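Peer 1: The structure is given below, and queries will be raised subsequently.
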Amino acid sequence: MNEPKPKVTVAIIGAGIAGLSCASSLQKLGFEVRVYEKSRGPSGRMSTRHGEGWSADHGAQYFTARDRAFIEELNTWIKAGVAAAWHPRLSVYDSGQWQESGSKEKRYVGVPAMNSPGQYLAKNLSIECNQTIDKIYRKDGKWHLRSLENGEMIQSFDYLVLAIPAPQSYALTKLVDHSIETICSDIKMQGCWTVMARLSNKADMHFDAAFINNEIISWISRNNSKPGRTGQETWTIHANPQWSQQWIELDKDEAGQLILDSAKQLGLNCHNAEISIHRWRYASGAINTELGFILNDESKLCLCGDWLHSGRVEGAWLSGYKLASAIDISVAA
């Protein structure tokens, strides 16, 4: 009798939505997949901070769905109870004036937290968290990895997927694939300073979320206005990308105070609030032309992420999903 062929093995670095999308799609296609994530858990920038009696989505604030494949995936999430539509009272602040937003865009969030869809995708995957991959190399036709925490990984892989921001991808690949250098170096990713404020009383604001133009901050949102949220009144405040990048190395408390001062001028007084501050070093930035993903058929090195596909949550998922299909075709060729 013919013995079954061994499964093609794939290592994926990064358990954000792109990496999780790629991993889950590859696993459905019959590949053996292992995901490595430097953080404590999956979901990347679709992230939620939890505390005693409170929570706050401090990364992606919502997402939209336009592509047919992603709409189908979103419907799966909704049916599973890990995503729902969000209907905030939405305002816009520009040049000293407030006005109600006229946007008719359908917005969705994870339920009961923004990281819920990522956890849903991750539940049947083999993921090793707290693993910072600091070296990759190819030997005898296989990819080998080393982590900062554990040293050399025992398992080697047929394909390697980097589902991490462009600067981190470049840092790992510059010694093994020079063709990646030009693409990654063209990406100017910007950071984002984020403040989470837990208030003792409900804030008297005329909106649940607001886009802010031409100020230090670009977004304010009442986390409790999202479906499934409970606990203490919590607001998330994002600084604008240009300001964040300019002051990315600023002391955390200094950055937080400048953001809170800006919010106070707009009517959100966080005096006596419990404050948490987070710096996203790589929060936004996408290439102009949508490559979607990168697959080197010769070296079996692949890249995916929102920075390769429109810079949105939907783009991240599509990038991983499309890459998985491309890898499947590559193996069959």
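Peer 1: When the stretch 150-176 is examined, which residues are found to be closer than 18 Å to Leu308 by Cβ and surrounded by fewer than 21 Cβ atoms within 10 Å (Cβ to Cβ)?
Peer 2: Pro167, Gln168, Tyr170, Ala171, Lys174
Peer 1: May I ask you to verify whether Trp307 is crowded, with 20+ Cβ neighbours inside 10 Å, in a helix (DSSP H, G or I), among the hydrophobic types (A, V, I, L, M, F, W, C) and touching a Gly at 6+ places or on another chain (Cβ under 7 Å)?
Peer 2: Against the criterion (crowded, with 20+ Cβ neighbours inside 10 Å, in a helix (DSSP H, G or I), among the hydrophobic types (A, V, I, L, M, F, W, C) and touching a Gly at 6+ places or on another chain (Cβ under 7 Å)), Trp307 qualifies.
Peer 1: Looking at the stretch 169-183, I want the residues that are farther than 17 Å from Ser147 by Cβ and have a partner that is of a type in the set (Lys, Arg) and surrounded by 13 or more Cβ atoms within 10 Å (Cβ to Cβ) with Cβ atoms under 8 Å, at least 6 apart or on another chain. Which pairs are those?
Peer 2: That search, which allows pairs on different chains as well, returns Ile180/Lys174; Glu181/Lys174.
Peer 1: Kindly provide the set of residues from the stretch 240-256 that are assigned to a helix (DSSP H, G or I), surrounded by fewer than 18 Cβ atoms within 10 Å (Cβ to Cβ) and not charged (D, E, K, R), ordered by number.
Peer 2: Those that are assigned to a helix (DSSP H, G or I), surrounded by fewer than 18 Cβ atoms within 10 Å (Cβ to Cβ) and not charged (D, E, K, R): Gln242, Gln246.
Peer 1: I'm checking my understanding of the structure. Among residues of the stretch 178-206 that are surrounded by 21 or more Cβ atoms within 10 Å (Cβ to Cβ) and not in a strand (DSSP E or B), which one is nearest to the chain's Cα centre (by Cα)?
Peer 2: Out of the qualifying residues, it is Cys184.
Peer 1: Further question on the same structure: Could you check the stretch 72-120 for strands (runs of 3 or more DSSP E) lying wholly inside it with 2 or more residues that are more than 23 Å from the chain's Cα centre (by Cα) and over 21 Å from Ala316 (Cβ atoms)?
Peer 2: Answer list for the stretch 72-120: 90-94, 97-100.
Peer 1: Kindly indicate which of Ile259, Ile237 is part of a strand (DSSP E or B) and not aromatic (Phe, Trp, Tyr).
Peer 2: None of the other options fit; the residue is Ile237.
Peer 1: Kindly check whether there is at least one residue in the stretch 16-26 that is at negative phi and free of Cβ contacts under 8 Å to residues at least 24 places away in the same chain.
Peer 2: no
Peer 1: Does Arg279 count as assigned to a strand (DSSP E or B) and touching a residue at least 24 places away in the same chain (Cβ under 8 Å)?
Peer 2: When the stated conditions are applied, Arg279 passes them.
Peer 1: So, in the stretch 316-325, how many residues would count as being within 25 Å of His178 (Cα to Cα) and either in contact with a Gly (Cβ under 9 Å, 6 or more places away or on another chain) or among the charged types (D, E, K, R) (or both)?
Peer 2: Of the residues in the stretch 316-325, 5 are within 25 Å of His178 (Cα to Cα) and either in contact with a Gly (Cβ under 9 Å, 6 or more places away or on another chain) or among the charged types (D, E, K, R) (or both).
No lab work stands behind these numbers, since they all come straight from the coordinates. Bear in mind the structure is a predicted one, so any value in this text is a computation, not a measurement. As a convention, Cβ positions derive from the backbone with ideal geometry for all residues, glycine included, and neighbour counts pool all protein chains shown.
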